[in-house]
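The values are calculated or read from the model by the stated rules, or taken from the named source; none is laboratory data. Computed from a predicted structure; not experimentally measured. Heads up, the Cβs are rebuilt from the backbone with ideal geometry, glycines too, and the neighbour counts pull from every protein chain shown.
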Amino acid sequence: MDAPILDFFDEEGLINKESYIANSKDFEKMDLIKKYKIDTALFIFFKDNLEDILDVSKLEEFYSFTNASNVNKCYIYDKKFILVISPLGGPAAGGLMEELGFMGIKNFFACGSAGQIDQSINPVEFVLAEKAIRCEGTSYHYLKPSLYIETDKELTAFVAEYLNKNNYEFNVSTTWTTDAFYRETASEIACRTKQGAVCVEMECASWAAVAKYRGYKFAQLLYFSDAVRQEGWAWHPTKGELKNAVIKLMLDCVMEYVK
């Protein structure tokens with residue numbers, strides 16, 4: 001049976017930079033990016049009070065990404081880069097990357113949670129994604145089919161250098177990006193582990209595909225929020241602590257990059 005998702009990946013979409021700018025009511029706000037000469041963004045996942053992890057006096061809200069019933073805020077951080085509260089899942093996260101790209105952002109960092117599937121790794125270590133298994137849908141609308149997609153080597157190397165310099169424990173590894181977190185079966189976990197994946201999440205392959213198609217750079221750092229084992233699933237007890245730690249270190253990492 002033919003898979004219709006594979007039919008059209010090399011033709012420009014009708015929603016593109018020109019049509020987006022022409023139809024956006026808020027696009028005048030993007031002049032701030034030009035004013036501050038910003039070309040870099042950091043995606044985070046966070047629903048609590050931002051003052052718990054950063055100095056909110058450095059934030060300047062400039063854009064809201066509205067997707068149906070959800071609104072995701074985008075801030076200018078210390079007049080240096082864009083801090084993005086990302087939506088969950090490849091379609092919305094990829095769409096937000098598209099819109100920021102239309103505004104002039106070219107370098108994208110991300111940090112977020114993942115389910116640990118390789119139990120040999122210390123669960124408090126970070127995972128720096130060098131490539132992702134494309135087990136989602138969004139990437140196939142951007143690039144021809146393949147098992148893996150790589151993150152940007154230059155940005156990934158920069159994050160690795162920063163982590164090493166600051167004595168963080170991490171693995172440079174493969175992640176598995178899925179669209180359906182209730183369909184992580186025992187058989188598929190075994191398969192993805194054999195293919196090199198140490199964790200599972202829902203955005204990396206999509207972001208990497210958008211970036212590669214548009215000529216952007218993209219890198220992602222992950223932490224283990226939960227364990228997805230053959231015998232069952234469970235939260236990691238350190239997930240809250242690790243989430244705050246990875247966001248704080250990536251804020252510093254991106255600040256060093258833009259300097």
Checked Ile38, Ile76, Ile21, Ile44 against criteria (touching a residue at least 60 places away in the same chain (Cβ under 8 Å), under 27 Å from Val258 (Cα atoms), buried (at least 16 other Cβ atoms within 10 Å of the Cβ) and more than 16 Å from the chain's Cα centre (by Cα)); the one match is Ile38
Please report, ordered by residue number, the strands (runs of 3 or more DSSP E) entirely within the range 1-101 with at least 2 residues that are farther than 26 Å from Phe158 by Cα and not small (Gly, Ala, Ser).
-> 59-67, 70-77
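From Ser139, Ser120, grab the single residue that is out of contact with any Gly (no Cβ under 6 Å at 6 or more places or on another chain) and more than 25 Å from Ile15 (Cβ to Cβ).
Ser120
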Residues that are more than 18 Å from Asp48 (Cβ to Cβ) and either in contact with a Leu (Cβ under 6 Å, 6 or more places away or on another chain) or in a helix (DSSP H, G or I) (or both), drawn from the range 238-259 | Asp252, Cys253, Val254, Met255, Glu256, Tyr257, Val258
Across the range 79-119, what is the total count of residues that are closer than 26 Å to Asp55 by Cα and among the polar types (S, T, N, Q)?
-> 3
Selection within the range 124-148 - part of a strand (DSSP E or B) and either aromatic (Phe, Trp, Tyr) or under 16 Å from Arg192 (Cβ atoms) (or both) | Phe126, Val127, Ala129, Glu130, Lys131, Ala132, Ile133, Arg134, Cys135, Tyr148
Can you confirm whether the range 19-28 contains a residue that is modelled with pLDDT of 95 or more and charged (D, E, K, R)?
-> no
